[in-house]
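Please read the structure below before turning to the comments.
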Amino acid sequence: MTTAIDRPASPRGGGAGSNGPRSHVLADTLTMLDRTMLHLVRYPGLSVFTIVGPVVILLLFVFVLGGTLGAGLPGVDPAGGRAAYLAYVLPGILAITIAGTAGGTATTVSMDMTQGITARFRTMAIARASVLAGHVLGNTIQALIAVALVLGVGLAIGFRPSAGPLEWLATAGMLALVAFAITWLGVAMGMQAKSVETASNLPLVLTFLPLLGSGFVPADSMPDWLQGFAAYQPFTPIIETLRGLLLSTPLGWSPALAVGWCLVLAVGGYVWSRILYERRSVR
Amino acid sequence: MNAANPAGAATVAPRAPAAAIEVRGLRKSYGTRLVLDDVDLTVAAGTVTALLGPNGAGKTTAVHILSTLVRPDAGSVAIAGHDVVRDTAAVRASIGLTGQFSAVDTLLTGEENLLLMGRLRHLGRRAAKARAAELLERFDLVDAARTPLATYSGGMQRRLDLAMTLVERPAVIVLDEPTTGLDPRSRRTLWGIVRELVAEGTTVLLTTQYLDEADALADRIAVLDGGRIVAEGTPDALKRLVPGGHLRLSFADAPAYDSAATLLPDATRDDASLVLTVATAGGTGTLRTVLDRLDAAELPLEDLSIHTPDLDDVFFALTKGSAS
C-alpha cells in the first residue's frame, strides 16, 4: 500500500524525544498537571467562584432558612433548629461544592479543544492519557482545595462534627473519590461542548442534583415521584455517607452505593472523553 | 543565528535529497462528501511546496492527514520515510504543524508556552530554557515574553505558534494558512521566517489562498481544487499554462485613442480611461507589430505596459469550476 522509502529515522527524531510515547506518559502527565495548576494560580477567578457560590448558599440556608428548616427535621428541638440544620446541610454543601467545580473543568477543557492546543499535543505524540490525566488530576486537586475551604467556613460558623481521625480520613477519601468522578464528567462535558460557553453551562445540571436528593431536606419529606429519583441518584448515597462519617448517622449501604456510583461516573466520563478526544480536537 | 547553533546545522547536513513528503493516491471522505480524491504529491527535502486552493478545496484535511490528526481512507502518506498510519510516532517526531487556529495556551505567557513545549519534547530544563530564549529572540517576542497572551496581537500569536512548532527543530514543517488574517507587515515577517527555515534545510509545506504568497515562497505549487490536484509545478511553469499576457496602451487624448483603436481591431477598449488592451501570445511578436503600426500612423503613446500572466490568471483558469 505504501511506496515509502525505507530510511533510518529522521536525524531529528533520534534525540531524547523518540524513546516512544509510552516511556514518557508519567513525565508528560506531570507536565500537564503543572500546566493545569499554573492556570489555577494564574487565574484564580474561576476557583474563587467555585468557593464563593457554595459559601453563599451555605450562609443563606443556615442563617435565612435554617431556623425553620432545622425545626422541621425529625427529632430536632425547634429551639436548636439552626445549629441542627447547619449539621444537616453541610454534607450537601460539600457535594454541591464538588459538583460546581465541574463547570471550571469543562471550561478549561473546552478552551483547549477549541483553541487547537489539544490538536498540537496530538501531533506531538503526547499520550492521550497524559493530556486527560493532567486535566483530571489538576481539577481534582482544585475541587479538594475548594471543599476544604468550604468545610473551613462551616467549622467557623459552628459546624461540630463527631468524627474521629478514622472517620475524617474516610471523609477525605470519599471527597477525593467524588471529586475524581465529577472531574471526569467535567472533562467529558468540556469535550462534548461545541463552544466554551456551552461547556461552562452543561455541568450546571450536576449542581442541582444534591438539591433533588437528601442534601437539603430529608428525601422522605418529598412527594413520592421525587423520592424515587432522590433515592436512586448518585448524590444521595454520597451525601448520606459524608453525613454518616462526619455526624455518626447510620451509614447502611450508602458507602458501597456511593463508591459504586463514583466508579460508574468516573469510568463513564473516561470512556466518553476517550471517544471524543480524537474526534473533537480537529476542527 | 544558525551558526551559533551547531546542533541545528549538524542535523541538516546529512539529509539525503529524498522526498520529505510522499503522498500517493490519497483519499478521504466525510460521510458522502469526497474531500480528497486520489491526491498525489511529492515534496523534496529542503524545499517549499505551496498547496494552493480556494476555501473548501481540501487543504486543511490534507494537512490534518499529513500531521497524523486524521486517518486517510485510502492511499499512502510518508513523512521523512515514515508512514503516517503505521509509524505514527516516528512521523510525529519529524513533523511540526502550525494550524489555522492558533494552538497556543492563552492562559500562559509566551515564554511559558515555549517552556511547556520544551518539556513535552523532553529537552531537559536547561536546554528548554535556552531554546525558548533563542526562539523568543528570533521571533521578536523578547519584550512580550513574560506577558500573558491576552495582550498579544494576531501576528505575535502566530509567531509564537510557529516558534512552539520549532522547539525541537522538526525536519518537516506544515503551515496551514499561516498568514490568513495577518496585516501586511506581519505577513512579510512570517515569510522571512519561512525563508530562513528553508535556508537551514527544513522542508516546508504550506497551504494558502494567496497567490502572491505561493509565488513568493514556494519552489513548487500544487493547485488543489475540489479535492483533486489540478496542476502542479514551479510557479513559472504554472504561469506558462495560461498562454500569453497582454499589453496595456494608454493614450493622452481621444483622437489618438480612436485612431489607434481602428488600427488595432483586436484590442479591448476602455473608453473612459483611453486605454487599449491587446492580448499577446507570448514572445515579443505582438509588441513589435503594435509598435510598428502606431509608429507608422505617428500616433503618440502616453504609456505602455506589458503584463505577463500571473498566478491569479492561472488560478482562475484552473479552478474555474468551483470559483463562484
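Results, tabulated for the structure shown:
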read-out	value
Distance between modelled label sites at A:PHE49 and B:ALA74, nm, 7 Å Cα→Cβ extension	5.0
Potential extension, A:TYR232-A:VAL264 segment - 0.36 nm per residue separation minus Cα distance	10.2 nm
Inter-chain shielding of B:101-108 (mean C-beta neighbours from other protein chains, 10 Å cut-off)	6
Mean residue ellipticity (222 nm) of the protein assembly as shown, computed from DSSP H runs ≥ 4 via -39,500 (n - 2.57), nearest 500	-16500 deg cm²/dmol
Gyration tensor (Cα) of the stretch B:38-142, equivalent ellipsoid semi-axes in angstrom	29, 17, 14
Two-site label geometry, B:THR277 and A:LEU30: point separation in nm, points 7 Å out along Cα→Cβ	6.7
Charge dipole magnitude, Cβ of K and R +1, D and E -1 - chain B, Cα centre, debye nearest 20	1800
Computed lengthening from B:ASP295 to B:THR147, 0.36 nm per intervening residue step minus Cα-Cα distance	46.6 nm
Pairs from A:LYS194/B:LYS59; B:LYS28/B:LYS239; A:LYS194/B:LYS129 whose Cα-Cα separation, in the structure shown, is over 26 Å	B:LYS28/B:LYS239; A:LYS194/B:LYS129
Ordering of A:255-268, A:201-214, B:94-107 by packing [mean C-beta count within 10 Å, highest first]	B:94-107, A:201-214, A:255-268
Listed residues B:PRO184, B:PRO170, B:PRO265, most fluctuating in chain B (Gaussian network, C-alpha, under 10 Å)	B:PRO265
Inter-chain Cβ neighbour average for residues B:73-80, partner chain, 10 Å	3
Bridge type composition, the protein assembly as shown - antiparallel percent by DSSP, nearest 5	65
B:GLU302 paired with B:THR180, simple spin-label distance in nm, labels 7 Å along Cα-to-beta-carbon	4.2
Kirkwood Rh, angstrom, the stretch A:43-280 [1 / mean 1/r, Cα pairs]	18.3
Mean shadow area of the protein assembly as shown over all directions, Cα convex hull, nm²	37.3
Spin-label zone in the stretch B:51-80 - amide nitrogen under 17 Å from a point set 7 Å from the Cα of B:ASP38 along the C-beta vector	B:73-76
FRET E, pair A:VAL56, B:ASP310, Förster distance 60 Å, beta-carbon r, rounded to 0.05	0.40
Reciprocal of mean inverse Cα separation for the stretch A:122-193 (Kirkwood radius, Å)	14.1
Extension reserve of the B:TRP191-B:PHE101 stretch, reckoned as 0.36 nm per residue once the Cα distance is removed	30.6 nm
Relative counts (whole %) of C-alpha pair distances in the stretch B:6-240, using bins that are 10 Å wide	8, 33, 36, 20, 4, 0
Within the stretch A:58-89, backbone nitrogen closer than 18 Å to the virtual label 7 Å beyond the Cα of A:ALA156 toward Cβ	A:58-64, A:86-87
Cα-based radius of gyration of the stretch A:167-247 once divided by 2.2 N^0.38 Å, which approximates compact folds	1.25
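No lab work stands behind these numbers, since they all come straight from the coordinates. Being a predicted model, the structure only gives us computed values, none of them experimental. Every residue, glycine as well, gets a Cβ built from its backbone with ideal geometry; the counts of neighbours run over all protein chains shown.
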